[in-house]
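Working notes, beginning with the structure itself.
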Amino acid sequence: MKRILSSLVLLLAAVFPAAAATGVAQIKGTYYFSITGITTVGGYYSGSTWHYVNGTCPKGETCQNQTFQKVTVGTISFNGEGKATFLTVAQYDPSGEPNSGGPVKGTVWPYTVSGFNGLLGTESNGAAMVLGAFNASGIASVVQFFIADTNPKTGVATLQ
């Protein structure tokens, strides 16, 4: 009976490597990420060009709120020990809103993992993570990001 139980535990560890891995080591390597969200800002159109306005609308213009989709893509390296470095970052934000946030190339953020969930950065400046698609080494090859703010964003990172 003891031998059967030992064999079953080894079999389960082989079939479900995520069960054998724990903590920040579950994310390790360089991941490509893509995060999308929306932002609503005030401004006006001149022809087909949007002009962002923060405050009072210029005289003679008709200002309105407009919603835009924002996209951030890049690569991030998780070291398997709780530190993540943004290697490349490109942002597309047609709203014209200055300093609209997001990661900056070269920035190092902490990360934590507990089971299939984690946090990149901090609760006030970061993203919740859900880990999945574990490889044979127990490393998550897909990470889902959830960024909760006034304009929530979601994204996916895949191990390269």
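The values are calculated or read from the model by the stated rules, or taken from the named source; none is laboratory data. For clarity, every value in this text was computed on a predicted model and none was experimentally measured. Note that we place each Cβ from the backbone using ideal geometry, even for glycine, and neighbour counts take in every protein chain shown.
Worth pointing out:
- Residue match in the range 96-112 (condition: acidic (Asp, Glu), farther than 18 Å from Gly23 by Cβ and without any contact (Cβ under 8 Å) to a residue 12 or more places away in the chain): no
- When we screen Thr85, Thr67, Thr56 for residues that are modelled with pLDDT of 90 or more and assigned to a loop (DSSP other than H, G, I, E, B), the only hit is Thr56.
- When residues of the range 138-160 are limited to those that are polar (S, T, N, Q) and either without any contact (Cβ under 8 Å) to a residue 60 or more places away in the chain or within 12 Å of Phe116 (Cα to Cα) (or both), the one surrounded by the most Cβ atoms within 10 Å (Cβ to Cβ): Ser141
- Among the residues of the range 114-125, none qualifies, meaning not one is touching a Ser or Thr at 6+ places or on another chain (Cβ under 7 Å) and either surrounded by fewer than 16 Cβ atoms within 10 Å (Cβ to Cβ) or among the polar types (S, T, N, Q) (or both).
- Qualifying residue in the range 11-25 (condition: surrounded by fewer than 16 Cβ atoms within 10 Å (Cβ to Cβ), outside any helix (DSSP H, G or I), modelled with pLDDT under 90 and touching a Ser or Thr at 6+ places or on another chain (Cβ under 9 Å)): yes
- Top-ranked residue in the range 96-113 [being modelled with pLDDT of 90 or more and either under 23 Å from Ser48 (Cα atoms) or in contact with a Lys or Arg (Cβ under 8 Å, 6 or more places away or on another chain) (or both); ranked as surrounded by the most Cβ atoms within 10 Å (Cβ to Cβ)]: Tyr111
- Residues satisfying the stated conditions in the range 81-95, i.e. more than 15 Å from Ala127 (Cα to Cα) and crowded, with 16+ Cβ neighbours inside 10 Å: Val89, Asp93, Ser95
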